[in-house]
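Trainee: I am attaching a structure below and will ask some questions about it afterwards.
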Amino acid sequence: MWIFGRKQRSTDSAQVRLFYSSDIHGSERCWLKFLNAAQFYNAQAIIMGGDLTGKMLVPLVEEADGYRAMFLGQETLARDDAELAALEKNIRFNGFYPYRCAPSEYRRLEEEPAYLDQVFRRVMIDAVRRWVALAEERLAGSGIACFVMAGNDDEPALDDVLRNSTIVHNPDGCMLEWGRYQIIGESWVPPTPWHSPREMSEEELERKIRTVADRLTHDRPAIFVLHSPPYRSTLDDAPQVRDDLTVVTEGGQVVMTPVGSIAVRRVIEAFQPVLALHGHIHESRGAVRIGRTLCINPGSAYGEGVLHGALITLEGDRIRAHQLVSG
């Protein structure tokens, strides 16, 4: 059993506090804030609930006078090492991946989609590997528990990176322990219009979660980290889209519709964990109870460099307090 706590006190009866966030989509600024959250909020555990990776590669093309990049609609030239480092840092902080290359390499990226995918995947995995190294550097010896799993937008190759660490623990598809609490995770979601890497039918998803949840010890409290929020929970309201992915509006207002998981709702209703942590739907920040389970979706504003999160205080098998926070 893993027992974490800076004061090395038992979690059987004492209060413990955890910080939860999700959906940072490659933003290094948000990842660094996540690593600092335990100290800032005096939490004994931090949990990241998925969608770690970004969605865009930014080539930095080598020229005679430096590296040229098109970033956020503006052409930028980094003329020396200091300017190049600053540009790469800015790109990472905004959730993108800088990639230095020669003009011939840039042309190949433009002309060969399969090669672009290969490079993007390699750069993305290297970035997450570097994030894990930062976590190991900053949290080693702190007694802070760090749980991180992927989400539906993350490639399966990320799982190996998240499981090859002594500091970062991946609850996806398994059961981990934090003091007296049992933690299970699930990164997969029901089908979406975007056909992301981790999607399956509701029936498959329910079987997948139940396979792990059935191993829980019933007289100990459980925490579920399920990337998809439960269906019709108010944590799953997203803009309605047409088949061509355009957003539906009425009277100039975006039409919202529930897009959460029926399987997730059924599992929560059946097992009634003390806490269920979700993400996936950036617009539906909030907290709601399903039976005795407190369900939370902290939402996401990663594009603004803001880390949305939730601070939860647990005492035994109940939630003592919870608060949505941003920073």
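Trainee: What about Val325, is it assigned to a strand (DSSP E or B), touching a residue at least 24 places away in the same chain (Cβ under 8 Å) and open to solvent by 30 Å² or more (accessible area, probe 1.4 Å)?
Mentor: Judged against the criteria, Val325 is not a match.
Trainee: Which of (1) under 26 Å from Trp194 (Cβ atoms); (2) at pLDDT below 95 does Leu109 not meet, given it meets every other one?
Mentor: (2)
Trainee: Quick one: is Leu245 part of a loop (DSSP other than H, G, I, E, B), among the hydrophobic types (A, V, I, L, M, F, W, C), open to solvent by 30 Å² or more (accessible area, probe 1.4 Å) and closer than 22 Å to Pro191 by Cα?
Mentor: The answer is yes for Leu245.
Trainee: Name the single residue that is nearest to Val264 (Cα to Cα) among those in region 223-242 being in a strand (DSSP E or B) and not acidic (Asp, Glu).
Mentor: Checking each candidate, the answer is Pro230.
Trainee: When you scan region 187-217, how many residues do you find that are assigned to a loop (DSSP other than H, G, I, E, B) and open to solvent by 10 Å² or more (accessible area, probe 1.4 Å)?
Mentor: The total comes to 15.
Trainee: Looking for whichever is more than 30 Å from His322 (Cβ to Cβ), surrounded by 14 or more Cβ atoms within 10 Å (Cβ to Cβ) and touching a residue at least 40 places away in the same chain (Cβ under 8 Å) here; the options are Cys101, Cys146. Which one fits?
Mentor: Criteria check complete, one pass: Cys101.
Trainee: Oh, and also: Among the residues that make up region 115-131, is at least one of them touching a residue at least 60 places away in the same chain (Cβ under 8 Å) and on the phi > 0 side of the Ramachandran plot?
Mentor: no
Trainee: Can you go through Val241, Val189, Val248 and tell me which one is within 18 Å of Met48 (Cα to Cα) and in contact with a strand residue (DSSP E or B) (Cβ under 9 Å, 6 or more places away or on another chain)?
Mentor: The unique qualifying residue is Val189.
Trainee: Starting from region 160-174, take each residue that is open to solvent by 40 Å² or more (accessible area, probe 1.4 Å) and list its partners that are outside any helix (DSSP H, G or I), counting only C-beta distances under 7 angstrom and pairs at least six apart or across chains.
Mentor: Arg163/Asn170
Trainee: Given (1) modelled with pLDDT under 95; (2) under 26 Å from the mean Cα position of the chain (by Cα), where does Gln74 come up short, assuming only one miss?
Mentor: (2)
Trainee: Same structure again: If only one of Leu235, Leu294 is without any contact (Cβ under 8 Å) to a residue 40 or more places away in the chain, open to solvent by less than 10 Å² (accessible area, probe 1.4 Å), in contact with a His (Cβ under 7 Å, 6 or more places away or on another chain) and not hydroxyl-bearing (Ser, Thr, Tyr), which one is it?
Mentor: Leu294
Trainee: Among the residues of region 77-95 satisfying the criterion of being in a loop (DSSP other than H, G, I, E, B) and at pLDDT below 95, which is least open to solvent (accessible area, probe 1.4 Å)?
Mentor: Here the answer is Gly95.
Trainee: All but one of (1) surrounded by fewer than 20 Cβ atoms within 10 Å (Cβ to Cβ); (2) farther than 23 Å from Glu204 by Cβ; (3) aliphatic (A, V, I, L, M) hold for Ala310, so report the exception by its number.
Mentor: Going through the list (1) surrounded by fewer than 20 Cβ atoms within 10 Å (Cβ to Cβ); (2) farther than 23 Å from Glu204 by Cβ; (3) aliphatic (A, V, I, L, M), Ala310 breaks only (1).
Trainee: Could you say whether any residue in region 38-52 is modelled with pLDDT of 95 or more, in contact with a Pro (Cβ under 9 Å, 6 or more places away or on another chain) and surrounded by 23 or more Cβ atoms within 10 Å (Cβ to Cβ)?
Mentor: The answer is yes, given that some residue of region 38-52 is modelled with pLDDT of 95 or more, in contact with a Pro (Cβ under 9 Å, 6 or more places away or on another chain) and surrounded by 23 or more Cβ atoms within 10 Å (Cβ to Cβ).
Trainee: Please specify each residue of region 281-322 satisfying the condition of being closer than 21 Å to Trp188 by Cα, polar (S, T, N, Q) and part of a strand (DSSP E or B).
Mentor: Thr293, Asn297
Trainee: Separate question: Which one of these does Arg220 not meet: (1) farther than 30 Å from Thr313 by Cβ; (2) outside any helix (DSSP H, G or I)?
Mentor: Of the numbered conditions (1) farther than 30 Å from Thr313 by Cβ; (2) outside any helix (DSSP H, G or I), the odd one out for Arg220 is (1).
Trainee: Here's another thing I want to ask about it. Look through region 252-283, keep the residues that are buried (at least 24 other Cβ atoms within 10 Å of the Cβ) and of a type in the set (Gly, Ala, Ser), and return whichever of them is farthest from the chain's Cα centre (by Cα).
Mentor: Looking at the filtered set, the residue picked out is Ala263.
The values are calculated or read from the model by the stated rules, or taken from the named source; none is laboratory data. What you see is a predicted model; the values in this text were computed from it and never measured. Don't worry about glycine lacking a Cβ; one is built from the backbone with ideal geometry, like all the others, and counts go over all protein chains shown. Surface accessibility is based on the protein's heavy atoms, side chains included, excluding ligands, DNA and RNA. Shrake-Rupley method; radii C 1.70, N 1.55, O 1.52, S 1.80 Å.
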